[in-house]
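The values are calculated or read from the model by the stated rules, or taken from the named source; none is laboratory data. What you see is a predicted model; the values in this text were computed from it and never measured. Because the Cβ atoms are built from the backbone with ideal geometry, glycine has one as well, and the counts that use them run over all protein chains shown.
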Amino acid sequence: MLASLVAYRRGKSGVSIRSCIGWINMWEDPKALRRFKEFDGYWLGAKDAAERLGYNLEEFRWQRGKSGARLQSILETRGVRGLLIPPHGGELQLPDFDWNRFSLVRFGSSVTNLPAHTVTSDQSHCARLACQKAFAYGYKRVGYVTDDAFERSTGGHFREGYLNAQEEFAVPGDRLNTLVLEPDARRNQAQFTKWLAREKPQAIFTTSPRLLGIMNGLGLRVPDDLAVATTSVLDGNFDAGADQNSPEIGRVAVSTLAALVLENERGIPQYQRRILVEGRWVDGKSLPRRVATTA
């Protein structure tokens, strides 16, 4: 009851800023991070939650390989006790940085050398939901096209959800092999053409923003020749698919971090918590309902 009263009074009177939460950006081009709409959604949701809780969310841009001790000194001087780690293309190179001085929450699993508590999309659920929709819309042969780098950075959870959906919704003869696009883009059209001929999909669920360009290069029309849904309607270049609910992911990350700060839990945890935020399906022209036909 007391907690409810405090929350009510804060809602009425507003919350004063009492501390700073740090958002660490070590991208080679720092502006590129939030050009991804999913990641920008993390920021916007986190900023909203931080302000509601009386924190200021501040971005700290730092070049890879620069002194971690210097960044740590800046953060401590600013009174930062909690850090949000957005997605990066790999490890964070911060020599002499003492992570035990801060409470930590990571978005996703791409930063492999920092096993912090993680908040991310329920990617397996998103994939299963998209496949379920495709089957419900009349597509019997639903394929999965992805990039190797994407699978590694996400732990393969989208593919896991797709394969589970195949087991649940597709008859054995309509369960297709997945396609992992090669890093060399010059080979993708030939690779995709061979896969199409072999698997004969009626629809595709994809993680790859490159797929639209590959299909355009082959003269394939969406959805006339092939229907497509994406893992991200924000960044995936198709309008049907999964909305991963990125602002909510940002809000949950801040509420989790605020609790860690309050409880003085700092550094790498002995047991990591992985908090999954459920997404939703978005209808779009790239995967319309199939018109029922009679023999």
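Overview of values
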{"quantity": "Within region 192-201, tally of residues that are surrounded by 16 or more Cβ atoms within 10 Å (Cβ to Cβ) and not hydrophobic (A, V, I, L, M, F, W, C)", "calculated": "2"}
{"quantity": "Neighbours by Cβ (under 7 Å, 6+ apart or cross-chain): first from region 198-221, under 14 Å from LEU181 (Cα atoms) and touching a residue at least 40 places away in the same chain (Cβ under 8 Å); second of a type in the set (Gly, Ala, Ser) and surrounded by fewer than 17 Cβ atoms within 10 Å (Cβ to Cβ)", "calculated": "ARG210/ALA185"}
{"quantity": "Single condition GLN63 does not satisfy, out of (1) at pLDDT 95 or above; (2) outside any helix (DSSP H, G or I)", "calculated": "(1)"}
{"quantity": "Failed item in (1) at pLDDT 95 or above; (2) closer than 17 Å to CYS126 by Cα; (3) touching a Phe, Trp or Tyr at 6+ places or on another chain (Cβ under 7 Å), with GLY250 passing the rest", "calculated": "(2)"}
{"quantity": "Search result, residues across region 76-116 that are of a type outside the set (S, T, N, Q), in contact with a strand residue (DSSP E or B) (Cβ under 8 Å, 6 or more places away or on another chain) and assigned to a loop (DSSP other than H, G, I, E, B)", "calculated": "ARG78, GLY79, PRO86, PRO87, LEU92, PHE102, GLY108, VAL111, LEU114, ALA116"}
{"quantity": "Subset of region 163-189 [of a type in the set (Gly, Ala, Ser) and either closer than 10 Å to ARG141 by Cα or more than 24 Å from the chain's Cα centre (by Cα) (or both)]", "calculated": "ALA170, GLY173"}
{"quantity": "Selection count, region 129-155, where residues are part of a helix (DSSP H, G or I) and either touching a residue at least 40 places away in the same chain (Cβ under 8 Å) or among the hydroxyl-bearing types (Ser, Thr, Tyr) (or both)", "calculated": "9"}
{"quantity": "First in region 156-174 and free of Cβ contacts under 8 Å to residues at least 40 places away in the same chain, second anywhere and crowded, with 20+ Cβ neighbours inside 10 Å, Cβ under 6 Å, 6 or more apart", "calculated": "HIS157/GLN123; HIS157/SER124; GLU160/SER124; GLY161/SER124; GLY161/ALA127; GLY161/ARG128; ALA165/ARG128; ALA165/CYS131"}
{"quantity": "Any hit, region 242-253, residues being out of contact with any Cys (no Cβ under 8 Å at 6 or more places or on another chain), without any contact (Cβ under 8 Å) to a residue 24 or more places away in the chain and part of a helix (DSSP H, G or I)", "calculated": "no"}
{"quantity": "Residues of region 195-229 that turn out to be out of contact with any Leu (no Cβ under 7 Å at 6 or more places or on another chain) and under 25 Å from VAL171 (Cβ atoms), as a count", "calculated": "9"}
{"quantity": "Of the criteria (1) part of a helix (DSSP H, G or I); (2) modelled with pLDDT under 95, which one LYS194 fails", "calculated": "(2)"}
{"quantity": "Checking LYS200 against (1) in the same structural domain as LEU129 (by TED's automatic domain parsing); (2) on the phi < 0 side of the Ramachandran plot, the condition it does not meet", "calculated": "(2)"}
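So that you can scan it fast, the table gives a plain yes or no per residue for (1) buried (at least 16 other Cβ atoms within 10 Å of the Cβ); (2) over 26 Å from ARG198 (Cβ atoms); (3) assigned by TED's automatic domain parsing to the domain that holds LEU257:
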residue	(1), (2), (3)
THR112	no, yes, yes
ALA116	yes, yes, yes
ALA134	yes, no, no
LYS140	no, no, no
ASP148	no, no, no
THR154	yes, no, no
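Per-residue answers, yes or no, for (1) touching an Asp or Glu at 6+ places or on another chain (Cβ under 6 Å); (2) without any contact (Cβ under 8 Å) to a residue 24 or more places away in the chain; (3) not small (Gly, Ala, Ser):
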site	(1), (2), (3)
GLY54	no, no, no
GLY68	yes, no, no
ILE85	no, no, yes
GLU91	no, yes, yes
ARG106	no, yes, yes
LEU114	no, no, yes
ALA127	no, no, no
